[in-house]
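Trainee: Mind having a look at this structure? Questions to follow.
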Amino acid sequence: MDSYLLADSKTVLAQARAGDPAALEALYRAFETPVYNLCRRICRTAEDAEDVMQETFFEVCRSIGQYREEGSLWGWVRSIAASKALMRLRRNKYRETDELHEDLAPYRREDAHLRMDLEAALERLPEVSRAVVWLHDVEGYTHEEIAAMMGKTTSFSKSQLARAHGRLRRWLGEEVVG
Amino acid sequence: MSHLSIEQLVALREPGVEPGGQAAREHLEHCAHCRDELDRLHQRVARLKALPSLRATRDRWPAVRARLEAERRARYLRRVRLGGLVGLAAAASLALALHTRPRPAGPLAAPEPAAATEISQAMARSRALEQAITRLDPDARVLDGRTARVAQELEDRIAAVDRQLEMNNLLGEEQAREAQQLRLWRERVGLLDALVDVHLTRASKVGL
């Protein structure tokens, strides 16, 4: 991903490590959209996502000297963003149980006419479930990595993913009648 | 016939075989319903990956840059304070050296060596320039990118001179140390002069 997001990434990286403001801004411009997208998919509001994006890039610029090129630059930036977004969820005292959401939106099979599109269904998921779905299914993190980032067990991550897919399946009207 | 649960279907996408995974795979071979469910799961994940990227409505780079700049400046000010301490330490060691140096016998005291006088003058000039910078209050100004880079470069060079001064105080033969000290203090004054110019130019541009 680095190569098409950041032209001449080696030079930009070297200059960014030397503290060159133009190179640091080039890093920001290159990764601004994927970082915001990740933050927005996890955070409750656009404002929260923008704040987390800002914190992410502040950290990226301060710590760029510690990036050892053992993985992709995007992978490194993304791990900072994911970690900060999850931290924001914790700070906002996210709801670990999601019965509340079920209570607010009880599903009935005859509600098929209320099918949502995927974007709306994803947004409707409880925050933790949504974060797990996004990190696992879209960003490609393993359950072990997600559990470590969330300070939870692997089983927790797996069960959140399964429950999230159960809900998405229902809300999208995708259940196979059998 | 009971079908696979959503937990089992989701687990089937994981690499390796989880406990019960083999039985689930065998079930899948004979159950069209569960194969359909698994296909839908795969399609849903593909659609999630294909969702359009969301974009921030506001540019947050100016805020990131301002915070970085504030932090860098705070580091610089800490170094300047350290530089001041180094200067005081240098002055103290110099004064001690002059005081304890054996004087030639005779009714007239030997004149103070020129190097020591010049070092004292350079140190005083250095302090005056630092005070001038403080009065210009660079923290309260937003610098354009080019000016910020020039200021940063000068501040980094001043920090490097401060480190050399610190090392110079610890090592070397006295006369060589004084000569080196004088050279470093002159360099420090030159750099601070340039830094004052940078901030003065910026201040005059914005009419302050």
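The values are calculated or read from the model by the stated rules, or taken from the named source; none is laboratory data. Quick caveat, the model's predicted, so the values are computed rather than measured. Please note: Cβ atoms are built from the backbone with ideal geometry, for glycine as well, and neighbour counts cover all protein chains shown.
Trainee: Among the residues of region B:63-77, what is the count of those that are more than 7 Å from chain A (Cβ to nearest Cβ) and either over 16 Å from A:Val60 (Cβ atoms) or surrounded by 15 or more Cβ atoms within 10 Å (Cβ to Cβ) (or both)?
Mentor: So in region B:63-77, the residues more than 7 Å from chain A (Cβ to nearest Cβ) come out as B:66, B:69-77.
Now drop any that are not either over 16 Å from A:Val60 (Cβ atoms) or surrounded by 15 or more Cβ atoms within 10 Å (Cβ to Cβ) (or both), which leaves B:69-70, B:72-77.
Of the residues in region B:63-77, 8 are more than 7 Å from chain A (Cβ to nearest Cβ) and either over 16 Å from A:Val60 (Cβ atoms) or surrounded by 15 or more Cβ atoms within 10 Å (Cβ to Cβ) (or both).
Trainee: Continuing with this model, one more query. Within region A:139-157, can you find the residues that are part of a helix (DSSP H, G or I), buried (at least 17 other Cβ atoms within 10 Å of the Cβ) and not polar (S, T, N, Q)?
Mentor: A:His143, A:Glu145, A:Ile146, A:Ala147, A:Met149, A:Met150, A:Phe156
Trainee: Right, something else. Could you check A:Met1 against (1) at pLDDT 85 or above; (2) within 19 Å of the chain's Cα centre (by Cα) and say which number it fails?
Mentor: Checking A:Met1 against (1) at pLDDT 85 or above; (2) within 19 Å of the chain's Cα centre (by Cα), the one that fails is (1).
Trainee: Specify which of the listed residues (B:Gln22, B:Gln8) is modelled with pLDDT under 95, more than 7 Å from chain A (Cβ to nearest Cβ), out of contact with any Leu (no Cβ under 6 Å at 6 or more places or on another chain) and within 17 Å of A:Asp137 (Cα to Cα).
Mentor: Only one candidate qualifies: B:Gln8.
Trainee: Only one residue in B:His27, B:His3 is farther than 20 Å from A:Val138 by Cα, surrounded by 12 or more Cβ atoms within 10 Å (Cβ to Cβ), facing chain A (nearest Cβ under 7 Å) and modelled with pLDDT of 85 or more, so which one is that?
Mentor: Values: B:His27 fails: facing chain A (nearest Cβ under 7 Å).
Checking each option against the conditions leaves just B:His3.
Trainee: Sticking with this structure for a sec: Within region A:45-68, track down each residue that is touching a residue at least 40 places away in the same chain (Cβ under 8 Å) and farther than 20 Å from A:Glu123 by Cα. If you could, list the steps in order and put the result at the bottom.
Mentor: Kept after step one, since they are touching a residue at least 40 places away in the same chain (Cβ under 8 Å), are these residues of region A:45-68: A:48, A:61, A:64-65, A:67.
Hits for region A:45-68 are A:Cys61, A:Ile64, A:Gly65, A:Tyr67.
Trainee: Same structure again: Is one or more of the residues making up region A:29-41 assigned to a helix (DSSP H, G or I), at the interface with chain B (Cβ under 7 Å from one of its Cβ atoms), in contact with a Ser or Thr (Cβ under 6 Å, 6 or more places away or on another chain) and β-branched (Val, Ile, Thr)?
Mentor: Yes, region A:29-41 has at least one match.
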